[in-house]
Amino acid sequence: MTSMWFRGYSAAMTSPMPITATGLSEQQVALLEFEKNWWSLSGSKESEIRERFDISATRYYQLLNALIDTPAAVAHDPLLVKRLLRQRDSRQKERTARRLGVSRNA
């Protein structure tokens, strides 16, 4: 049985992926496009992730976080990637402040 995490792509994850002009695979482009447009879908984000990519939400976010650190992702959609980087940075700062018991409002 072939592991499939992207609908329409049934090859094993170790198989070479076609690369787009920005240097991203079709799977990576699909992740970015989904993240940009998920809010317009009728179901919950987690159920859409499971249905579209056949992976858990946790794995989706792992892949997305690794992807937004690449120059190719920035070249593909700079506004989306920069927004995601700002959100991630903000969440990390909030978690650190909570762990240290520091109020961000002070």
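Worth pointing out:
- Where Arg104 falls short, out of the listed (1) surrounded by fewer than 15 Cβ atoms within 10 Å (Cβ to Cβ); (2) at pLDDT 90 or above; (3) of a type in the set (D, E, K, R): (2)
- Arg83 touching a residue at least 12 places away in the same chain (Cβ under 8 Å), within 14 Å of the chain's Cα centre (by Cα) and under 21 Å from Leu24 (Cα atoms): no
- Within region 24-36, tally of residues that are over 11 Å from Asp77 (Cβ atoms) and either among the acidic types (Asp, Glu) or at pLDDT below 90 (or both): 1
- Some residue of region 11-23 being at pLDDT below 90 and not in a loop (DSSP other than H, G, I, E, B): yes
- Asp89 being modelled with pLDDT of 90 or more and surrounded by 11 or more Cβ atoms within 10 Å (Cβ to Cβ): no
- Matching residues, region 90-102, being farther than 21 Å from Lys45 by Cβ and of a type outside the set (Ser, Thr, Tyr): Lys93, Ala97, Arg98, Arg99, Leu100, Gly101, Val102
- When region 60-86 is filtered for residues that are modelled with pLDDT of 95 or more, charged (D, E, K, R) and surrounded by 14 or more Cβ atoms within 10 Å (Cβ to Cβ), only Arg83 remains.
- Restricting attention to region 28-47, the residues being surrounded by 17 or more Cβ atoms within 10 Å (Cβ to Cβ) and free of Cβ contacts under 8 Å to residues at least 40 places away in the same chain number 3.
- Subset tally (residues that are at positive phi and in a helix (DSSP H, G or I)) for region 62-106: 0
The values are calculated or read from the model by the stated rules, or taken from the named source; none is laboratory data. If you're wondering where the values come from, they're calculated on a predicted model, not measured in any experiment. Methodologically, a virtual Cβ is constructed for each residue, glycine included, from the backbone with ideal geometry; neighbour enumeration extends over all protein chains shown.
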